Amino acid sequence: MAEVADWEPFAGLISAVVAMIAWAPWYGDVFRVNRLAAPRTYRVFLGLTPVACLLLLLLCLEKSAAKAVRENGSYILIYMALGAAMLGAASRLFSFLGISARDDVLERSNSAGLIAVIGALLGAILCVAGGNIGEGSGVGVVIVSAGTALCAWLVLWYLAELLSRRAVSERITIDRDMGDGVTLAGLLIGNGVILGAAAAGDWMPDRFLRDFAVSAWPALVMTTLAVFIEHISKSRFSAVRSVLTGLGYSVAAIAWVVYRGIGG
């Protein structure tokens, strides 16, 4: 069994503190904010989705992480804390990209916003989970791998918001357009699949960025396609068309990963 490096428990402790700082306001809002406005099901989804995301991360750690991690419960705890911190940090940025779990879902009972938030959480944890897959040399490798995927994912979301004819977040939060919520969720999950898979694999520092770019470029293409479709659409998508479009992004991402494989 591999020994945990001296500094890695400290990294796990810092991650646990960051996770608590990030998630305490989230769950505080779930339990306290405007109980009469948001249906109980909205609160249940906002409360359980982060837990489901971390369970997905735990599954990846137990099945596909480095052998040293799979054989050492201390490493599992450290990487779970790190994953919770990274997911929490990402969730704090959602409002800067125009979607707020508190303001839009809990305060305004916006179902389109709820779908977008759930899709964003799933997309973010897919990036983090991918960075934990494969052989590496410790916590630092996971921070670089998962952090690269997560940063790329956030940048692509920002570009989709910036380049759309009218900001996607406005159509979700102001118009309460369910179709846009579903479509954005599908895009965020699809990009998470691609970028997480691009960050996965055995760690080779001299090739990481090259291999990541070679595997990740379809996420940029898919985001560009989403913006293009938004520009040429003269009317709102029907519910069926929105579901098919969002599902199409996710399915296309999975198909690319199956074709390309995990990692570079």
When the accessible area of the range 121-222 is split by element with a 1.4 Å probe, what percent falls to carbon and sulfur? 68 percent
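Which value, in Å², gives the accessible area per residue of the range 1-132 when a 1.4 Å probe is used on the protein heavy atoms?
Numbers: 6150 Å² over 132 residues.
Result: 47 Å² per residue.
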Quick one: which residues, 5 or more positions from Ala65 or on another chain, have an amide H under 5 Å from its amide H? H modelled 1.01 Å from N in the peptide plane, none for Pro or chain starts. Gly134
Rg and Dmax of the chain over Cα atoms: what are they, in angstrom? 18.4, 60
Using Cα pairs closer than 8 Å and at least 6 residues apart in sequence, work out the relative contact order for the chain, in percent. 20 percent
Mind putting together the pair-distance distribution for the range 99-229? All Cα pairs, 10 Å bins, whole percent per bin, short to long. 14, 41, 28, 14, 3
At what distance in angstrom do the alpha carbon centres of the range 161-177 and the range 242-260 lie from each other? 22 Å
Hey, what D do you get for the range 1-156 in µm²/s if you plug the Kirkwood alpha-carbon radius into Stokes-Einstein at 37 °C and 0.692 mPa s? 205 µm²/s
How much accessible area does Met204 have with a 1.4 Å probe, in Å² rounded to the nearest 10? 80 Å²
Solvent-accessible surface (1.4 angstrom probe) belonging to Phe212, in square angstrom, nearest 10: 20 Å²
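Considering only protein heavy atoms and a 1.4 Å probe, what is the carbon-and-sulfur percentage of the accessible area of the range 43-100? Before the final figure, lay out each step's value.
On the way: 1720 of 2510 Å².
Roughly 69 percent, rounded to a whole number.
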Show log10 I(q)/I(0) for the range 50-136 at q = 0.13 Å⁻¹, two decimals, from a solvent-free Debye sum over equal Cα scatterers. -0.46
For Ala200, distant residues with modelled amide H under 5 Å away: Gly263
For a protection proxy built on the mean count of beta-carbon atoms within 10 angstrom, sort 84-93, 163-172, 122-131 highest first, please. 122-131, 84-93, 163-172
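The values are calculated or read from the model by the stated rules, or taken from the named source; none is laboratory data. For clarity, every value in this text was computed on a predicted model and none was experimentally measured. Don't worry about glycine lacking a Cβ; one is built from the backbone with ideal geometry, like all the others, and counts go over all protein chains shown. Heavy atoms of the whole protein, side chains included, go into the accessibility calculation; ligands, DNA and RNA do not. Shrake-Rupley method; radii C 1.70, N 1.55, O 1.52, S 1.80 Å.
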